[in-house]
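The structure appears right after this line, and notes come after that.
Values in this text are rule-based calculations from the coordinates and carry no lab data. Because the structure is a prediction, the values reported are computed rather than measured. Note: ideal-geometry Cβ built from the backbone for every residue, glycine included; neighbour counts use all protein chains shown.
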Amino acid sequence: MIWNIIDRRTHPYRWRRVNAIIEAVEHDNSVADADQAPESSPLDVIDYGQRESITVKEAVDWANSQRCPITLYLYDDGAGTASEGHFNEVANRMD
């Protein structure tokens, strides 16, 4: 289920083809001003998942079907996946 959405698209009106990444929302707890999510059971936590070239609706439906609270990251098609720098984008959570 989605608890947070981070939209990193540079073309926010394009909905037909995006890349989507999901992570457990509790990963965001280390951000200084973040709302604090309860920790999920280790068996339920989604550490990382990605889908490429899907619609925004498909991304939302996929994220909402997960077994733990999720942060959904949206990127332009062709950007943001593991090979395209998602981990560099979220590195500030660890500072």
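Each other residue within a Cβ distance under 9 Å of residue 37 adds +1 if Lys or Arg and -1 if Asp or Glu, for a net charge of -4. Computed about the Cα centre, the dipole magnitude for the range 2-94 is approximately 420 debye when only Lys and Arg (+1) and Asp and Glu (-1) carry charge, each at its Cβ. Only DSSP H runs of four or more residues enter the estimate; each adds -39500 (n - 2.57), and after division by the residues of the chain the mean residue ellipticity at 222 nm equals -3500 deg cm²/dmol. What would the Debye equation give as log₁₀ I(q)/I(0) for the range 2-94 at q = 0.13, 0.16 Å⁻¹, counting only Cα atoms as equal point scatterers? Per q value, in the given order, log10 I(q)/I(0) is -0.40, -0.61.
Taking other C-beta atoms within 10 angstrom as a stand-in for reagent exposure, 11, 27 fall in the order 11, 27, fewest first.
By the beta-carbon count within 10 Å of each Cβ, the least crowded to most crowded order of 15, 62, fewest first, is 15, 62. Other residues with beta-carbon under 15 Å from the beta-carbon of residue 56 carry, at +1 per Lys or Arg and -1 per Asp or Glu, a net charge of +1.
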